[in-house]
Amino acid sequence: MDNPEVVVVGAGPAGLTAGIYSARAGHATLILERAMPGGQVANTPEVENYPGFVEPVVAVELTQAMQGQAERHGAEIKLVAAAALRTDPLVVETSDGSHRPDAVIIASGVRSKELDLPGEKKLRGRGVSYCAVCDGAFFKGREVAVVGGGDSALDEALYLAGICSKVYLIHRRDEFRAVKAAEVRVRARNNIELVLSHVVSALRGTGRLEAVEVESRKDGAKRDIPVAGLFVYVGSVPHTDWCRGVIELDDAGFVLCNDRLATNVPGVFVAGDVRVSRLRQIATAVGDGALAAMMAHEYITGLH
Ligand code: NAP
């Protein structure tokens with residue numbers, strides 16, 4: 001697309017919904033995606049809290065349907081990362097040229113946070129993973145650990161418990177942050193062992209992960225748990241490096257906005273996990289995408 005009126009950065013549920021609404025409002029809409037359409041949701045097996053499905057829906061089928069819907073309404077998806085945002089006039093730079101739209105919707109999402117332990121980067125892909133759906137099958141019938149106490153950690157521990165012989169769920173507190181329904185299911189699984197009030201303090205293994213060292217937050221006691229895999233779900237960091245310095249961010253790098261999802265830069269709106277928010281769900285991302293697109297539409301029609 002040569003002259004998009006709206007550039008959406010990110011093709012997760014927020015960006016794809018923004019694409020549907022923007023294209024249906026009559027705007028030439030280009031969605032830029034750095035990796036694979038679908039966003040973080042595509043890394044999870046099933047979704048059971050997105051309205052409209054009685055039974056859990058396969059996550060990738062849900063996001064593929066959103067993608068197909070955006071494309072059917074005329075939005076174009078281009079696989080390239082946004083590299084920089086400039087203002088006066090608005091320009092989105094990519095490694096494959098730049099675009100000068102009337103409005104930009106930031107829907108660039110988040111990526112997994114690392115534990116920042118020595119050896120973690122070297123062992124990534126050699127036992128340390130951030131995506132159970134992508135890598136879980138490599139650990140069929142083996143013992144693995146999951147670290148984290150949020151929805152992601154509990155959902156993925158349940159998924160892995162269906163593949164692996166045993167899952168150690170390591171969480172730094174005694175209470176979970178995840179929704180109660182997930183905790184109830186985790187506690188009911190006899191091959192998930194809870195390792196509460198412990199942190200992962202070291203990774204063992206040179207060529208491949210062989211064990212994790214855990215440390216009690218109550219008495220400082222340390223012990224090794226032999227595992228073939230460690231799945232890290234300790235939260236996320238926003239993809240905002242490409243617009244840092246132009247767009248106002250909070251201390252953690254999430255985009256600040258008003259209740260119309262407008263950022264500090266006229267014509268730039270934000271949607272989904274990348275913005276400051278109290279709740280990050282597919283349902284909230286989809287709502288954001290719709291609102292951001294309609295606010296962009298109002299902005300553009302006021303321009304012309
Ligand atoms: P999250 O809710 O931020 O949870 C991160 C977890 O990691 C917390 O339990 C936190 O412990 C722990 N943690 C953080 N830093 C740590 C560290 N350095 N060492 C050990 N543990 C650490 O992240 P998330 O689970 O990825 O979820 C992100 C968002 O997506 C949430 O809004 C969540 O509701 C949503 N989500 C929803 C679903 C669903 O609805 N099924 C599925 C996945 C994600 P503390 O609890 O002690 O802070």
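The values are calculated or read from the model by the stated rules, or taken from the named source; none is laboratory data. All figures in this text were calculated on a predicted structure; none of them were measured in a lab. Positions of Cβ are generated from backbone atoms using ideal geometry, with glycine treated the same way; all protein chains shown enter the neighbour counts. Heads up: the accessible areas ignore ligands, DNA and RNA and are worked out on the full protein's heavy atoms, side chains in. Shrake-Rupley method; radii C 1.70, N 1.55, O 1.52, S 1.80 Å.
Descriptive notes on the structure:
- Seen through its C-alpha gyration tensor, with square-root eigenvalues sorted a ≥ b ≥ c, the chain comes out prolate because a/c lies at 1.5 or above while a/b is bigger than b/c.
- Coil-residue GluC sites (Glu not before Pro) of the range 54-161, DSSP, other Cβ within 10 Å capped at 15: E114
- Taking Cβ atoms as reference points and 15 Å as the exclusive limit, the residues near L303 contribute a net charge of -3, counting Lys and Arg as +1 and Asp and Glu as -1.
- Taking the longest Cα principal axis of the chain as reference, the axis of helix 282-303 is set at about 20 degrees.
- Remark: accessible surface ordering of M36, M66 (largest first) is M36, M66, probe radius 1.4 Å.
- Relative contact order computed over the range 77-197 (Cα-Cα under 8 Å; 6+ residues apart), in percent: 17
- R204 sits among other residues whose Cβ lies under 9 Å from its own Cβ, and their net charge, with Lys and Arg +1 and Asp and Glu -1, is -3.
- When D288, D135 are compared by accessible area at a 1.4 angstrom probe, the order from most to least is D135, D288.
- Angle of helix 13-24 to the longest C-alpha principal axis of the chain, folded into 0 to 90 degrees and rounded to 10: 20°.
- Bridge type composition, the chain - antiparallel percent by DSSP, nearest 5: 40
- Estimated from helices alone, the mean residue ellipticity of the chain at 222 nm is -7500 deg cm²/dmol (sum of -39500 (n - 2.57) over DSSP H runs with n ≥ 4, per residue).
- Across E48, E183, the residue with the most accessible area heads the list, and the full order at a 1.4 Å probe is E48, E183.
- Amide N proximity, the range 201-232 versus A35 label position 7 Å along Cα-to-Cβ, cut-off under 20 Å: 229-232
- Among the listed pairs K121/K222; K78/K140; K121/K166; K140/K218, those beyond 28 Å (Cα-Cα): K78/K140; K140/K218
- Full-extension gain in nm, R173 to A65, via 0.36 nm per residue minus C-alpha separation: 35.1 nm
- Proximal aspartates and glutamates relative to K180, as straight alpha-carbon distance under 18 Å, when same-chain residues fewer than 8 apart are discounted: E46, E48, D151, D155, E156, E193
- Spin-label model, D116 to F138: label points 7 Å out along the Cα-to-beta-carbon direction sit 2.5 nm apart.
- Counting protein heavy atoms only, the chain has 48 percent of its accessible area on carbon and sulfur, 1.4 angstrom probe.
- What the Cβ-Cβ distance of R185 and T206 gives, at R0 = 35 Å and to the nearest 0.05, is a FRET efficiency of 0.45.
- Centre separation in Å (Cα based) which lies between the range 1-38 and the range 57-73: 13
- For K218, the accessible surface of its heavy atoms amounts to roughly 140 Å² (probe 1.4 Å, protein chains only, rounded to the nearest 10).
- Distance between the modelled labels on A283 and N258, one decimal in nanometres: 2.8 nm (7 Å Cα→Cβ projection).
- Accessible area per residue in Å² at 1.4 Å probe, computed on the range 1-125: 49
- Taking a ≥ b ≥ c as the square roots of the eigenvalues of the alpha-carbon gyration tensor, the range 120-232 is classed oblate because a/c is 1.5 or more while a/b is no larger than b/c.
- Sequence ranges 100-112, 256-268, 228-240, ranked by mean other-Cβ count within 10 angstrom, highest first: 100-112, 228-240, 256-268
- Rounded, prolate or oblate (a/c below 1.5 giving rounded, otherwise prolate when a/b exceeds b/c) for the range 41-122 by Cα gyration tensor: oblate
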